[in-house]
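Peer 1: Sharing a structure here in structure tokens format.
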Amino acid sequence: MNQKRSKVREQGDRKRNKNKLFIKTFLITVGVFSLLVLSGWVFIRVWVRPPDIPQITAVDLDSAASLPAEGNEEDLSVGGGLHAPEGFTSEDRKESFYTFLIVGKDEGVSMDTIMIASYDGVNETASIVGIPRDSLVNVKRRVKKINAAYAAGTLYGGGKDGGIDQLKREIKTIIGFTPDFYVMVDLEAFVKIVDTVGGLEVDVPFDMDYDDADLHIHIRKGRQTLDGNEALHFARYRKGNNSKDTISDYQRIENQQALIKAGLSALMKPANLLRISDFIEIFDENVYSDIKVENMLWFAEQMSKVRGTDALSTYTLPTIGTSGPPSYYEYLDAPSIAELVNETINPYKKNIEVKDLDIITSG
């Protein structure tokens, strides 16, 4: 009997010891895991950092690509070879205020979307100003539209860098300064990003139906979640099979800005915040940018402070009419542009004035 009790007691002690061992192992594991997470977080916090605000320097025109055709070589000097209006210095920059050139490239070398964005780190607000693709710019080449700037910079040996540089120079002529950073997204990247966040919820204003040899758009009217391909079609839609369903470039920009707002909301969802590695992979393979990874992660963290879409404002450069056929240039409104830039994306404490712009109002 005593032997039986002793055996039962021994089994109980062994069970308690196992329980103690399990608890001890569990606590050690949790402790080590917590330490690793904390160390990783500290590492991330040290690694992820804001970018330095670029210093004002003259543009190096000698290193730019040569554009020998149709007098295009003169286009290398548009903007006066400066990043900001004459007389502006680095000391004139606002604190923690960054600007970005955001472009969406089609299958060729034309820009399907051109936008200037800003992030105000002090007030934690962001602005996006859309630039009509057909905006008339003061250049020598035959096609004087802003969306031809990238192609002009690439066609004669400049490649992507030459294209972006030429686009920056021409952007400077119509807003007064060169954006700090650029992000060029191709169609494939856009589709992948939208699918990765689980689609974008937007309100489609009417049935969109368009068909040609290479593009087929069929999206029904109403609020809905669009997948990557549908969102791309929504962003690119300009005219329908029925002539009454044609929209202006302004309306097209508004549709694209609606997608950006929907994208910001989707990115802030907890599930998508955990997919940072997926987004980094997409950016690495399909996005061309001069923003370093550690800076990009910092901007992503900052955008989480732009609560909802109230702190994100969207605009379009004002115009005063069109040239009509055959070129359909959009004439820009210089006084209204200067006012809009100063209220939204101007990274300087000093106001940009009409004299700082190089805008012409006839073709």
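Peer 1: Give me the pairs, please: first residue somewhere in the range 254-267 and on the phi < 0 side of the Ramachandran plot and in the same structural domain as residue 205 (by TED's automatic domain parsing), second residue anywhere and modelled with pLDDT of 90 or more and of a type in the set (D, E, K, R), beta-carbon distance under 8 Å, and either six or more positions apart or on two chains.
Peer 2: The qualifying pairs are 258/203; 262/201; 265/201; 266/201.
Peer 1: Right, here's the next one. Among what's in the range 81-117 and is acidic (Asp, Glu), more than 17 Å from residue 51 (Cβ to Cβ) and in a loop (DSSP other than H, G, I, E, B), pick the residue that is modelled with the highest pLDDT.
Peer 2: 86
Peer 1: Follow-up question, since we're still on this one. On the given criteria, is residue 295 assigned to a helix (DSSP H, G or I), crowded, with 18+ Cβ neighbours inside 10 Å and of a type outside the set (D, E, K, R)?
Peer 2: yes
Peer 1: Just name the residue that is surrounded by the fewest Cβ atoms within 10 Å (Cβ to Cβ) out of those in the range 317-339 that are touching an Asp or Glu at 6+ places or on another chain (Cβ under 9 Å) and within 24 Å of residue 126 (Cβ to Cβ).
Peer 2: Looking at residues that are touching an Asp or Glu at 6+ places or on another chain (Cβ under 9 Å) and within 24 Å of residue 126 (Cβ to Cβ), I get 318.
Peer 1: Quick check on my filter: what residues within the range 118-137 are farther than 17 Å from residue 150 by Cα and either part of a strand (DSSP E or B) or of a type in the set (Phe, Trp, Tyr) (or both)?
Peer 2: 118, 119, 120, 125, 126, 127, 128, 129
Peer 1: Now for a separate question. Kindly list, by first and then second residue, each pair from a residue in the range 111-136 that is over 23 Å from residue 160 (Cα atoms) to a residue that is buried (at least 21 other Cβ atoms within 10 Å of the Cβ) and among the aromatic types (Phe, Trp, Tyr), limited to pairs with Cβ atoms under 6 Å and residues at least 6 apart or on different chains.
Peer 2: Once the first residue is over 23 Å from residue 160 (Cα atoms) and sits in the range 111-136, its partners that are buried (at least 21 other Cβ atoms within 10 Å of the Cβ) and among the aromatic types (Phe, Trp, Tyr) give 119/98; 126/119.
Yes or no, residue by residue, for (1) at pLDDT below 90; (2) of a type outside the set (S, T, N, Q); (3) under 15 Å from the mean Cα position of the chain (by Cα):
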| residue | (1), (2), (3) |
| --- | --- |
| 129 | no, yes, yes |
| 134 | no, yes, no |
| 147 | no, no, no |
| 154 | yes, no, no |
| 157 | yes, yes, no |
| 174 | no, yes, no |
| 189 | yes, yes, yes |
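Peer 1: OK, next. Which condition from (1) in contact with a helix residue (DSSP H, G or I) (Cβ under 6 Å, 6 or more places away or on another chain); (2) more than 24 Å from residue 181 (Cα to Cα); (3) not hydrophobic (A, V, I, L, M, F, W, C) is the one that residue 294 breaks?
Peer 2: (2)
The values are calculated or read from the model by the stated rules, or taken from the named source; none is laboratory data. As the structure is a computational prediction, the values presented were derived from the model and not from experiment. Note that we place each Cβ from the backbone using ideal geometry, even for glycine, and neighbour counts take in every protein chain shown.
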